[in-house]
Amino acid sequence: MKKLNLAIIGQGRSGKDIHGKFYISENNKWFNVKYVVDADARRREISKERYSGCEVFADYKELFDKKDIDLVVNATYSHMHFTITKDLIEHGFNVLCEKPFVRNRYECDLLTNLAKEKGVVLAAFQQTFYAPFYQDVLRIMRDKVIGEPLQVSIRYNAFSRRWDWQTLQKKMAGNTYNTGPHPLGMALGMLDFDKDWKVEFSRLGHSNMSSGDSDDYCKVILTAPNKPVIDVEINNTDAYCGYNVKVQGSRGTFKCSTVKYECKYIVEGENPERPVMEDFLQDENGNPRYCGEKLVAHEESGEFNGTAFNVGTEKLYEDLYYKITEGREMYVNLSMVRDVVSLIEQIYAKSPMPVKF
């Protein structure tokens, strides 16, 4: 298998610790790091050693005359994603853009149409769609392991604060743009990306925990016809959240973090239906009592084999390799990404944040 030549723009947390970590791992069978772009001279020097044999540049425009690049990865600041991706597409490059993909549907559609016009591949780095925990949640819901899904609660919460660029609206930052593409994308996936999905409620907030003027609290409730209610929360002030996803079904509950899960459910027929009693219940002495019984239930628990950061990253890059070389459709397609962008755009429209910086 011939590796494709890759250029990556940005060696910050995502560029170095997610993408870069994958490039130098034994799981990378598809891409060779040919060029690295970063404005910081120290990061450029580190990259020369880390990705042995690569060339480094301070400005991404120095890539424009290179004819041996099969893919450019845009891992720059969020507010730079649209402009740089557009520039790269116009110069004929295949592009993988970090999340958040763009700010709104207009930008998404412009890039999508431009990529078609130029005949290049455009993809978004939303690797959580490939993560083992997310795929298992979809299986639990599809196979009705806990009965008919009634509600899904997604919590990407923490008890922490930030004071870097990810707290500034002018940098296209905050919980919803930064973390949101993962849980909000999963929420839409749990609704099967139904064309009639709807934002029933949303609220953004800024606590005194974090600096800046962007949101560190996001609450969204989504629905679609004949689908479960999806409750999403991304909150930096939650000291007691114990799960990432909880699915409540008609016969039980599935709960998981990104690394382990628990499931408790009943099996049809093992708990015979009780006839309705119109009068109050009483014990053998005639004292009133509440309905109470020990249900025959089944419990399972375990750990997932991998996370979004290793398995998810590997699978997305594998998908992208075959998209470029053979034209295969990717699991995470631009239609899905457009829905995620649209959802975030609606959330901000319904709950605008005051700009202070």
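The values are calculated or read from the model by the stated rules, or taken from the named source; none is laboratory data. Because the structure is a prediction, the values reported are computed rather than measured. So basically every Cβ, Gly included, is an ideal-geometry build from the backbone, and we count neighbours across all protein chains shown. SASA here: full protein model, heavy atoms, side chains in, ligands and nucleic acids out. Shrake-Rupley method; radii C 1.70, N 1.55, O 1.52, S 1.80 Å.
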> Got a sec? Charge dipole of the chain, +1 on Cβ for Lys and Arg, -1 for Asp and Glu; which of Trp165, Val220, Leu343 is way out at the positive end?
Replying inline: Trp165
> Mean separation of Cα pairs under 8 Å and 6+ residues apart, divided by the residue count of segment 264-357: what relative contact order is that in percent?
Replying inline: 21 percent
> What's the center-to-center distance, using Cα atoms, between segment 114-179 and segment 298-343 in Å?
Replying inline: 11 Å
> Expressed as a whole percent, how much of the Cα-Cα distance distribution for segment 32-105 exceeds 15 Å?
Replying inline: 55 percent
> Which value, in Å² and to the nearest 10, is the accessible area of Asp143 when all protein chains are kept and the probe is 1.4 Å?
Replying inline: 80 Å²
>> Placing +1 on the Cβ of each Lys and Arg and -1 on the Cβ of each Asp and Glu in the chain, which of Ala115, Pro275, Leu63 has its Cα farthest towards the positive end of the resulting dipole?
In response: Leu63
> Where does each of Glu278, Glu200 land when they are ordered by accessible area, with a 1.4 Å probe and the largest first?
Replying inline: Glu278, Glu200
> When the C-alpha atoms of segment 151-246 are aligned to their principal axes, what extent does each axis show, in angstrom, from largest down?
Replying inline: 41, 30, 18
>> Distances longer than 15 Å among the Cα atoms of segment 244-310: what percent of all pairs is that?
In response: 68 percent
>> Taking every pair of distinct Cα atoms and averaging 1/r, then inverting, what Kirkwood hydrodynamic radius in Å comes out for the chain?
In response: 22.4 Å
> In Å, what is the Rg of the alpha-carbon atoms in segment 99-160, and how long is Dmax?
Replying inline: 17.2, 47
>> Below 8 Å, C-alpha to C-alpha, sequence gap of six or more: please give me the relative contact order for segment 6-119 in percent.
In response: 24 percent
> If the limit is 27 Å between Cα atoms, which of Lys34/Lys323; Lys29/Lys99; Lys67/Lys170; Lys3/Lys116; Lys170/Lys323; Lys16/Lys323 go over it?
Replying inline: Lys67/Lys170; Lys170/Lys323
>> Taking the Cα centroid of segment 6-79 and of segment 201-264, what is the distance between the two, rounded to the nearest whole Å?
In response: 34 Å
>> If I take all pairs of Cα atoms in segment 74-218, what percentage of them are more than 21 Å from each other?
In response: 54 percent
> How much space per residue, in cubic angstrom, does the convex hull of the C-alpha atoms of segment 205-263 take up?
Replying inline: 107 Å³
>> Could you tell me which residue out of Gln11, Ser25, Ala39 lies farthest along the dipole of segment 1-42 toward its positive end? Charges go on the beta carbon: Lys and Arg +1, Asp and Glu -1, centred on the Cα centre.
In response: Ser25
>> Test of understanding: express the Cα radius of gyration of segment 244-357 as a ratio to 2.2 N^0.38 Å, with N the residue count.
In response: 1.85
> Quick one: putting +1 on the C-beta of Lys and Arg, -1 on the C-beta of Asp and Glu, what dipole do you get for the chain around its Cα centre, in Debye to the nearest 20?
Replying inline: 1160 debye
>> Can you show me the helix-derived [θ] at 222 nm for the chain, built from DSSP H runs with n ≥ 4 at -39,500 (n - 2.57) apiece and divided by the number of residues, rounded to the nearest 500.
In response: -7500 deg cm²/dmol
> Relative to the longest principal Cα axis of the chain, at what angle does helix 41-50 sit, 0 to 90 degrees, rounded to 10?
Replying inline: 80 degrees
